[in-house]
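Asks: The structure that follows is given in the form of structure tokens.
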Amino acid sequence: MNSFFAILVVFILLQGLIGVIDGICYYRYIGAHLKCRFESWTPFVSVFLPCKGLDHELEENAASVLDQDYPDYEVIFVTASPEDLAVPLLRSLVEKLPARRTKFVTAGVCDQRGEKVNNLIQAIGHADTRSQVFVFTDSDSRPPSSWLKDLTSPLRNEQLGVSTGYRWLFPTRGNFASVLRSAWNGSIATLLGDHDHNFAWGDSMAIRRATFEQGRVLAYWKNSISDDYSLTRAMKDAKLKIHYEPRCLIASHGDCGWHELLEWSTRQILLTKIYSRRLWQLAFASQLPFLIGWWWGAGQVAFSAWRTFTAESTRQPMMAAQVRRLGVIMGVIYLLGVIRGFLRMQTIKLVRAGDGAAINRFWWGYLLLAPLVSTLTAYNLISSMLTSRLDEIRSASEVRVIRSQ
């Protein structure tokens with residue numbers, strides 16, 4: 001058992017050290033990227049905003065989409081039902097902004113794909129014929145005023161398939177589950193960068209209309225539960241690059257309880273398993289050794305400390321030295337996680353320069369909760385071996401949606 005633990009410790013220490021080095025490199029990459037901009041390209045675009053119910057601060061989120069610093073664009077709101085609670089609020093908001101081009105689409109339901117995907121499929125047909133770019137966001141996201149321009153401009157390069165951003169979750173009240181969710185999400189936010197392994201994120205992604213049609217995205221969506229993973233697959237099959245634009249890391253505000261946290265995070269991992277099995281397997285390979293090593297080591301420290309306390313006085317010095325050695329090892333592992341969390345915080349504050357105070361408010365979550373983030377991810381990975389309770393996902397191209405009555 002000691003040999004097994006020693007191997008785990010070496011693996012975890014190397015993993016932590018590489019993580020810190022990656023964090024430093026990523027901070028430098030973001031800093032360098034923000035110093036330059038793509039040449040502005042602002043064709044007429046259609047922004048698709050699917051809604052379902054009254055998301056937290058829905059009006060503020062929708063208003064930010066309607067108030068972009070962009071010459072001319074349309075916003076297409078789409079719901080599954082005309083009676084959706086979001087519709088009256090959105091119509092009232094639109095009345096205050098008569099100059100903005102807007103449309104409302106009712107998509108209906110379909111048991112062969114997810115509701116959001118069906119909403120988008122139906123909404124695509126209502127896009128203005130002048131639209132050269134399709135932009136997708138969601139009702140729980142609040143982009144800055146430069147978002148549309150920053151997201152669209154990289155597509156001047158016709159060799160790019162998709163321009164994408166990501167999200168940063170800002171807790172409001174800041175209960176423990178909400179802060180843990182933000183830390184969990186933050187560990188994914190810094191995976192995107194200047195490389196060939198990016199994925200499109202459905203709340204902040206743009207694609208040329210011609211690319212959308214040539215890439216047969218609607219065919220990929222036909223039997224899908226995930227708009228962004230299926231779009232990612234379409235671009236990979238077409239051998240087109242997915243460009244990550246750090247400026248389009250957008251805010252999502254709100255809190256959650258423990259049940260919502262577990263359900264939401266497990267769903268993200270389940271979708272990863274279905275649509276990107278290699279990434280799911282990589283998560284298993286990286287998270288489970290850490291989980292086993294960390295909690296086994298923490299348990300050993302606690303158990304050894306108790307044995308030292310209850311041992312005969314003649315044996316206590318030797319046993320205490322063993323506890324200290326083990327404690328130092330665990331401390332170094334934990335410290336590496338703290339340093340990586342600090343680097344992530346500093347990186348996000350570069351991108352979200354006006355939100356430094358909001359990010360600093362929950363510093364303890366980003367710095368100190370790394371073992372719990374890994375534990376939550378391990379729970380998600382194990383749970384994802386089972387089928388979703390609401391959506392029966394048979395494969396990446398075969399879905400049957402089971403709707404509660």
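Asks: Considering only the range 134-147, how many residues are of a type in the set (Val, Ile, Thr) and touching a Leu at 6+ places or on another chain (Cβ under 6 Å)?
Replies: Adding up the residues that qualify gives 1.
Asks: Which numbered condition in (1) among the aliphatic types (A, V, I, L, M); (2) modelled with pLDDT under 95; (3) farther than 26 Å from GLY341 by Cα is the only one that ALA189 fails?
Replies: (3)
Asks: Of everything in the range 90-122, what is in a loop (DSSP other than H, G, I, E, B), within 27 Å of the chain's Cα centre (by Cα) and of a type in the set (A, V, I, L, M, F, W, C)? Give them in sequence order.
Replies: Hits for the range 90-122 are ALA107, VAL109, CYS110.
Asks: Would you call ALA378 among the aliphatic types (A, V, I, L, M), modelled with pLDDT under 95, under 20 Å from the mean Cα position of the chain (by Cα) and over 30 Å from GLU245 (Cβ atoms)?
Replies: When the stated conditions are applied, ALA378 passes them.
Asks: Being hydrophobic (A, V, I, L, M, F, W, C) and in contact (Cβ under 8 Å) with a residue 40 or more places away in the chain is the filter; apply it to the range 189-209 and report the residue that is nearest to VAL373 (Cα to Cα).
Replies: ALA189
Asks: Please verify whether the range 74-89 includes one or more residues that are in a loop (DSSP other than H, G, I, E, B), closer than 30 Å to ASP194 by Cβ and in contact with a strand residue (DSSP E or B) (Cβ under 8 Å, 6 or more places away or on another chain).
Replies: no
Asks: A follow-up question, please. Only one of these is in the same structural domain as ALA189 (by TED's automatic domain parsing) and at pLDDT 90 or above: ILE250, ILE274. Name it.
Replies: Selected residue: ILE250, the only one of ILE250, ILE274 that is in the same structural domain as ALA189 (by TED's automatic domain parsing) and at pLDDT 90 or above.
Asks: Those residues that are surrounded by 15 or more Cβ atoms within 10 Å (Cβ to Cβ) and in a helix (DSSP H, G or I), I need them from the range 269-278; list them, please.
Replies: ILE269, LEU270, LEU271, THR272, LYS273, ILE274, TYR275
Asks: What single numbered condition from (1) within 17 Å of the chain's Cα centre (by Cα); (2) modelled with pLDDT of 95 or more; (3) surrounded by fewer than 18 Cβ atoms within 10 Å (Cβ to Cβ) fails to hold for LEU231?
Replies: Condition not satisfied by LEU231: (3).
Asks: Now, a different point. Could you list, in sequence order, all residues of the range 30-63 that are surrounded by 18 or more Cβ atoms within 10 Å (Cβ to Cβ), outside any loop (DSSP other than H, G, I, E, B) and not aliphatic (A, V, I, L, M)?
Replies: SER46, PHE48, PRO50, ASN61 - these are the residues of the range 30-63 that are surrounded by 18 or more Cβ atoms within 10 Å (Cβ to Cβ), outside any loop (DSSP other than H, G, I, E, B) and not aliphatic (A, V, I, L, M).
Asks: For the range 211-228, state whether one or more residues are at pLDDT 95 or above, under 23 Å from TRP147 (Cβ atoms) and crowded, with 23+ Cβ neighbours inside 10 Å.
Replies: yes
Asks: Take residues that are polar (S, T, N, Q) and tell me which of the helices (runs of 4 or more DSSP H) falling wholly in the range 322-392 contain 1 or more.
Replies: Of the helices (runs of 4 or more DSSP H) lying wholly inside the range 322-392, those with at least 1 residues that are polar (S, T, N, Q) span 356-361, 370-383.
Asks: Separate question: Could you name every one of the helices (runs of 4 or more DSSP H) located completely within the range 144-222 that has at least 3 residues being in contact with a helix residue (DSSP H, G or I) (Cβ under 7 Å, 6 or more places away or on another chain) and within 23 Å of GLY254 (Cα to Cα)?
Replies: Of the helices (runs of 4 or more DSSP H) lying wholly inside the range 144-222, those with at least 3 residues that are in contact with a helix residue (DSSP H, G or I) (Cβ under 7 Å, 6 or more places away or on another chain) and within 23 Å of GLY254 (Cα to Cα) span 176-189.
Asks: Can you list residue pairs whose Cβ atoms sit under 8 Å apart, with the first residue in the range 275-297 being within 16 Å of LEU326 (Cα to Cα) and the second being exposed (fewer than 15 other Cβ atoms within 10 Å of the Cβ)? Count only pairs 6 or more apart in sequence or on different chains.
Replies: The qualifying pairs are GLY293/PHE11.
Asks: Select from the range 223-246 the residues that are part of a helix (DSSP H, G or I), among the charged types (D, E, K, R) and in contact (Cβ under 8 Å) with a residue 24 or more places away in the chain and list them in ascending order.
Replies: ASP227, ASP228, ARG233
Asks: Among the residues of the range 108-132, how many are under 21 Å from LEU54 (Cβ atoms), of a type in the set (A, V, I, L, M) and at pLDDT 95 or above?
Replies: 2
Asks: What are the pairs, 6+ residues apart or on separate chains, where a residue within the range 58-73 that is in the same structural domain as SER252 (by TED's automatic domain parsing) has its Cβ under 6 Å from a residue that is among the basic types (Lys, Arg)?
Replies: ASN61/ARG142; SER64/ARG142; LEU66/ARG100; TYR70/LYS149
The values are calculated or read from the model by the stated rules, or taken from the named source; none is laboratory data. The structure presented is a predicted model; accordingly, all values stated were derived computationally and were not measured. In this analysis, Cβ positions are derived from the backbone assuming ideal geometry, glycine residues included, and neighbour counts consider all displayed protein chains.
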